[in-house]
1. Being crowded, with 24+ Cβ neighbours inside 10 Å, among the aromatic types (Phe, Trp, Tyr) and part of a loop (DSSP other than H, G, I, E, B) narrows it down to one of TYR285, TYR307, so name that one.
2. Would you check if ALA423 is touching a helix residue (DSSP H, G or I) at 6+ places or on another chain (Cβ under 6 Å), surrounded by 23 or more Cβ atoms within 10 Å (Cβ to Cβ) and within 17 Å of ARG265 (Cα to Cα)?
3. Can you confirm whether ALA326 is assigned to a loop (DSSP other than H, G, I, E, B), out of contact with any strand residue (DSSP E or B) (no Cβ under 7 Å at 6 or more places or on another chain) and open to solvent by 10 Å² or more (accessible area, probe 1.4 Å)?
4. Of all residues in segment 349-363 being in a loop (DSSP other than H, G, I, E, B) and within 18 Å of the chain's Cα centre (by Cα), which is surrounded by the most Cβ atoms within 10 Å (Cβ to Cβ)?
5. Just give me the residues in segment 329-345 being open to solvent by 50 Å² or more (accessible area, probe 1.4 Å) and in a loop (DSSP other than H, G, I, E, B), in sequence order.
6. Among the residues of segment 251-276, how many are farther than 22 Å from ALA383 by Cβ and open to solvent by less than 10 Å² (accessible area, probe 1.4 Å)?
7. Would you pick out the residues in segment 155-201 that are open to solvent by 10 Å² or more (accessible area, probe 1.4 Å), of a type in the set (D, E, K, R) and either closer than 16 Å to GLY376 by Cβ or touching a helix residue (DSSP H, G or I) at 6+ places or on another chain (Cβ under 8 Å) (or both)?
Amino acid sequence: MTRPSLPRSAFAVLALAASVLGASVPTAEARPAYVPGEVIVKYKDADTGGTVGPPATPRKVEVKGHASVATAVERLRRDPRVEYAVPNYVAHASGLIPNDPGFRLQWNLSGPFGINMPAAWDLARARQAPGGRGTVVAVLDTGVAYQSFHRYRRAPDLNRFVRGIDYVDGDSHPNDENGHGTHVAGTIAESTNNGVGAAGIAYRAKIMPVRVLDARGEGDTFAIARGIRYAVRHKAKVINLSLEFNASVRASEIPDLLSAMRYARRKGVLVVGAAGNQADGLVAYPARARDAVAVSATTIRGCLANYSNVGLDVDVSAPGGGVDAALSDDPYDAQTCRPEMREQYIYQQTFTSSVRNFGLPPGYEGTSMAAPHVSGVAALLVASRRLGRNPSPAAIIKHLEQTARDLGPPGFDRRYGYGLLDAAAALR
């Protein structure tokens with residue numbers, strides 16, 4: 001029986017935040033609305049003997065003693081010489097900037113060719129769905145570090161789970177023995193703005209761990225198909241498949257898996273798949289199936305990654321890290337991409353030296369890392385009801401394609417699909 005190959009990553013505009021006096025800025029982290037102890041005052045223009053003098057200019061005035069800014073503003077406004085008096089309001093970069101120490105490494109979330117997450121987080125909160133609250137995302141992978149059990153330890157920055165299953169060992173404890181599945185789950189739902197680890201896209205979504213790949217990252221068709229059916233029956237709304245078969249595998253060779261994917265589609269569950277890491281001109285199954293979103297991988301410069309599979313089945317692209325592909329047949333790639341530059345990884349909390357030790361290890365890159373970006377944004381879309389109460393997989397896919405940021409040749413192309421995933425555009 002053909003086994004999926006191990007994803008390569010497993011080894012190796014300022015906007016004024018001004019508000020009415022005393023109101024807080026709507027972010028997860030408390031910020032001052034105005035500078036303490038300062039007031040901006042403008043006096044009326046001088047008028048002497050019918051001759052208007054030079055226009056008065058605003059001044060920054062320090063509030064003395066124990067007077068509050070509000071008191072000082074009220075007193076100044078009663079002065080007939082004062083045209084206006086207001087607090088010295090503070091502006092903030094638009095969007096939540098998490099305090100997680102690893103966020104500075106996550107170019108994939110907020111860099112020039114990231115998926116625009118800070119603005120997306122604000123939009124999700126405005127829609128009463130902070131962090132994709134409540135949406136269940138099934139991660140079919142090497143397991144997830146979701147519990148402290150025997151020799152295993154829960155990842156410190158993953159907190160929301162629903163019951164899962166292990167189709168490798170045949171039990172109810174789908175603990176990760178590789179690190180890959182935990183990394184994928186972190187991109188989707190790692191806790192955010194809590195001063196720990198890194199940030200996750202749908203940080204209040206719930207992860208359903210379904211183990212279908214062993215410690216080496218290998219698993220068979222039968223286990224994967226069972227995992228999909230389990231996730232559907234247990235109310236997952238999104239299924240992430242960061243796994244691949246060889247691009248030579250044909251649909252006729254994996255009928256049970258494709259049947260399970262059709263079942264998911266009929267039941268309204270979105271399946272997201274990694275395009276493959278074989279630098280092939282065909283998208284690998286299961287992402288090639290018509291019932292999945294196929295995701296190719298981009299780098300920190302917004303270029304196709306040199307390992308990413310491509311083809312007419314690519315729907316969208318998302319950050320996967322690595323080195324730019326050496327492409328010169330398109331003006332965008334020829335002008336933008338630098339294959340000689342050092343690779344950049346996707347950072348997320350997972351194992352380091354053992355299943356009990358966690359950090360933000362380098363070395364993770366691949367379409368396996370790109371796919372969970374789409375799964376996380378899909379979870380935000382579902383929770384926010386941006387597409388209605390219970391959007392169909394077709395509606396979600398179409399919306400992600402329509403809101404993607406065009407890369408490469410104008411419009412759809414074989415490398416980037418409809419373009420780079422844009423979380424904020426999807427939630428607007």
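The values are calculated or read from the model by the stated rules, or taken from the named source; none is laboratory data. Computed from a predicted structure; not experimentally measured. Neighbour counts run over all protein chains shown; Cβ positions are idealised from the backbone, glycine included. For the accessible areas, the whole protein counts, side chains as well, though only heavy atoms, and no ligand, DNA or RNA atoms are used. Shrake-Rupley method; radii C 1.70, N 1.55, O 1.52, S 1.80 Å.
1. TYR285
2. Taking the combined requirement at face value, the residue does not satisfy it.
3. Considered against the rule, which asks whether it is assigned to a loop (DSSP other than H, G, I, E, B), out of contact with any strand residue (DSSP E or B) (no Cβ under 7 Å at 6 or more places or on another chain) and open to solvent by 10 Å² or more (accessible area, probe 1.4 Å), ALA326 comes out as yes.
4. Looking at the filtered set, the residue picked out is GLN349.
5. ASP329, ARG338, PRO339, GLU340, MET341, ARG342, GLU343, TYR345
6. So the count comes out to 7.
7. If the condition is that a residue be open to solvent by 10 Å² or more (accessible area, probe 1.4 Å), of a type in the set (D, E, K, R) and either closer than 16 Å to GLY376 by Cβ or touching a helix residue (DSSP H, G or I) at 6+ places or on another chain (Cβ under 8 Å) (or both), then ARG160 is the only one that fits.
Yes/no per residue for (1) touching a strand residue (DSSP E or B) at 6+ places or on another chain (Cβ under 8 Å); (2) not in a helix (DSSP H, G or I):
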{"residue": "TYR347", "(1), (2)": "no, yes"}
{"residue": "GLU365", "(1), (2)": "yes, yes"}
{"residue": "ALA371", "(1), (2)": "yes, no"}
{"residue": "SER375", "(1), (2)": "yes, no"}
{"residue": "ALA395", "(1), (2)": "no, no"}
